[in-house]
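Asks: Sharing a structure here in structure tokens format.
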Amino acid sequence: MIAYKVLEADGTGRFSGFRWPLPNGAPGDWVDGEVDPCRSGVHALRPSDLPYWLGPSLFEIELDGPISEIGLKVVATRGRLLRRVDAWDDPMRLAFSTMCIERARELAASDPQRLNAWVNADIDAGPALLGYVAERIAEEIEGPAAGKAERESQARWLSEHLQLGA
Amino acid sequence: MPSDGTEKGFTCREVVELATEYVDGAMSAEDHELFEVHLNYCDGCVAFIEQVRTASRLSRRINESELSPDLREKLLAAFRDWKRE
């Protein structure tokens with residue numbers, strides 16, 4: 001299975017602190033781990049999961065062995081990084097952040113007295129926070145399904161602009 | 001599921017309340033995921049969790065017998081006051 005991995009700029013896991021073997025013209029080395037969701041195993045993302053986990057760098061990862069799809073991620077017994085998704089760069093992060101804050105303002109306009117204070121977030125707050133702000137405003141107006149739909153829309157934006165799976 | 005019973009994820013206040021549970025690895029997989037979704041966009045909570053981790057690491061290096069009676073009493077008083085707040 002091909003999936004995605006969000007890492008720090010130097011290839012370190014954001015929560016695990018694990019330093020991934022990086023691809024360098026060829027795939028990185030395989031990494032093995034026993035599956036225990038959120039604790040061990042190789043954690044990766046489907047395109048639909050990406051908006052929840054955006055960070056400094058994005059890699060395509062090949063997963064092998066039994067794979068569990070759990071919540072907002074997949075967990076496998078082994079994986080290796082295939083390539084850095086170079087399109088996830090500063091201009092793209094800014095474009096995504098801009099899209100999210102504009103969407104949040106558009107949604108907030110339906111109830112400005114209550115929601116305008118929510119969209120004071122600065123564009124520098126970054127894509128992860130601004131994606132969340134848009135989701136929460138949609139959820140506040142129309143309920144959890146609208147929040148989920150907002151995240152799905154963000155995932156489509158990312159897949160299209162980063163040409164994921166192409 | 002977050003403690004408020006919704007699917008909204010954790011608030012900063014809930015992250016503070018559950019920080020030790022997270023650092024000790026005592027959370028359910030579902031809560032653990034929602035907790036980290038919050039940390040992924042909230043730098044303030046990331047900094048707080050780092051402080052809790054550091055405090056947890058340091059406290060494991062101290063034996064009760066190494067504490068002076070005076071410091072031991074001050075710590076117990078602080079914990080008692082904290083629970084009352």
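The values are calculated or read from the model by the stated rules, or taken from the named source; none is laboratory data. All values reported here derive from a predicted model rather than from experimental measurement. No Cβ is skipped: glycine too gets one built from the backbone with ideal geometry, and neighbour counts run over all protein chains shown. The protein model used for the area step is the full one, side chains on, heavy atoms only, and it has no ligands, DNA or RNA in it. Shrake-Rupley method; radii C 1.70, N 1.55, O 1.52, S 1.80 Å.
Asks: Convex hull over the Cα atoms of the protein assembly as shown, averaged projected area in nm²?
Replies: 16.5 nm²
Asks: Based on the Cβ-Cβ distance of residue A:160 and residue B:46, what FRET efficiency does E = 1/(1 + (r/R0)^6) give at R0 = 45 Å, to the nearest 0.05?
Replies: 0.90
Asks: How far apart, in nm, are two points set 7 Å out from the Cα along the Cα-to-Cβ line at residue B:74 and at residue A:22?
Replies: 4.6 nm
Asks: Relative to the Cα centre, what is the charge dipole magnitude of the stretch B:12-84, using +1 at the beta carbon of each Lys and Arg, -1 at the beta carbon of each Asp and Glu, and rounding to the nearest 20 debye?
Replies: So the dipole magnitude of the stretch B:12-84 works out to roughly 440 debye.
Asks: Among A:33, A:100, A:116, whose Cα sits farthest toward the positive end of the charge dipole of the protein assembly as shown (+1 at Cβ of Lys/Arg, -1 at Cβ of Asp/Glu, about the Cα centre)?
Replies: Comparing the listed Cα positions along the dipole, A:33 ranks first.
Asks: Residues of the stretch B:12-84: accessible area per residue at 1.4 Å, in Å²?
Replies: 69 Å²
Asks: On to the next question. Any number yet on Rg/Rh for the stretch A:1-124, C-alpha, Kirkwood?
Replies: 1.08
Asks: Please state the shape class of the stretch A:118-166: rounded when a/c is under 1.5, otherwise prolate if a/b exceeds b/c and oblate if not, all from the C-alpha gyration tensor.
Replies: Oblate, because a/c is 1.5 or more while a/b does not exceed b/c.
Asks: Nearest 0.05, what FRET efficiency do residue A:64 and residue A:148 give at R0 = 35 Å with Cβ-Cβ as r?
Replies: Efficiency, from the Cβ-Cβ distance: 0.70.
Asks: Further question on the same structure: Report in % the part of the accessible area of the stretch A:1-126 that belongs to carbon and sulfur, leaving out ligands and nucleic acids; probe 1.4 Å. Could the numbers behind the result be given before it?
Replies: Working: 3090 of 6250 Å².
The nonpolar share, carbon plus sulfur, comes to 49 percent.
Asks: For a quick check of your reading of the filter: which GluC sites (Glu not before Pro) in the stretch A:1-60 sit in a DSSP loop and have no more than 10 other Cβ atoms within 10 Å?
Replies: For GluC sites (Glu not before Pro) across the stretch A:1-60 that sit outside H, G, I, E and B with at most 10 neighbouring Cβ atoms in 10 Å, the list reads A:34.
Asks: What's the Kirkwood radius of the stretch A:23-95 in Å, using all Cα pairs?
Replies: Values: mean 1/r = 0.0766 Å⁻¹.
Computed over Cα pairs of the stretch A:23-95, the Kirkwood hydrodynamic radius comes out at 13.1 Å.
Asks: If you don't mind, there's one more thing I want to ask. Taking the full set of protein chains and a 1.4 angstrom probe, give the accessible area of residue A:92 in square angstrom, rounded to the nearest 10.
Replies: Its accessible surface works out to 30 Å², give or take rounding.
Asks: Report the gain in length on full extension from residue B:58 to residue B:26: 0.36 nm times residue separation, minus Cα-Cα distance, nm rounded to one decimal.
Replies: Contour length minus Cα-Cα distance gives 9.6 nm.
Asks: At a probe radius of 1.4 Å, what is the per-residue accessible area of residue B:24, in Å² to the nearest 10?
Replies: Taking all protein chains as shown, residue B:24 has close to 90 Å².
Asks: Towards the positive end of the charge dipole of the stretch B:12-84, with charges on Cβ (+1 Lys, Arg; -1 Asp, Glu), say which of B:15, B:78, B:55 has the farthest Cα.
Replies: Of the candidates, B:78 comes out farthest on the positive side.
Asks: Another question about this same structure. Rounded to the nearest 100 Å², what is the sum over both chains of accessible area buried where B meets A, with a probe of 1.4 Å?
Replies: Details: alone 6590 and 8750 Å², together 13910 Å².
Answer for the B-A pair: about 1400 Å² buried.
Asks: If you don't mind, another one. About its Cα centre, how strong a charge dipole does the protein assembly as shown have in debye, to the nearest 20, once Lys and Arg get +1 and Asp and Glu get -1 at the Cβ?
Replies: 340 debye
Asks: Let me ask another. Principal axis extents for the stretch B:12-84, Cα atoms only, whole Å, descending order, please.
Replies: Per principal axis, max minus min of the Cα coordinates gives 43, 27, 22 Å.
Asks: Further question on the same structure: So how far apart, in nm, are the two label points at residue A:34 and residue A:89 if each is 7 Å from Cα heading toward Cβ?
Replies: Each label point lies 7 Å from its Cα, and together they span 4.3 nm.
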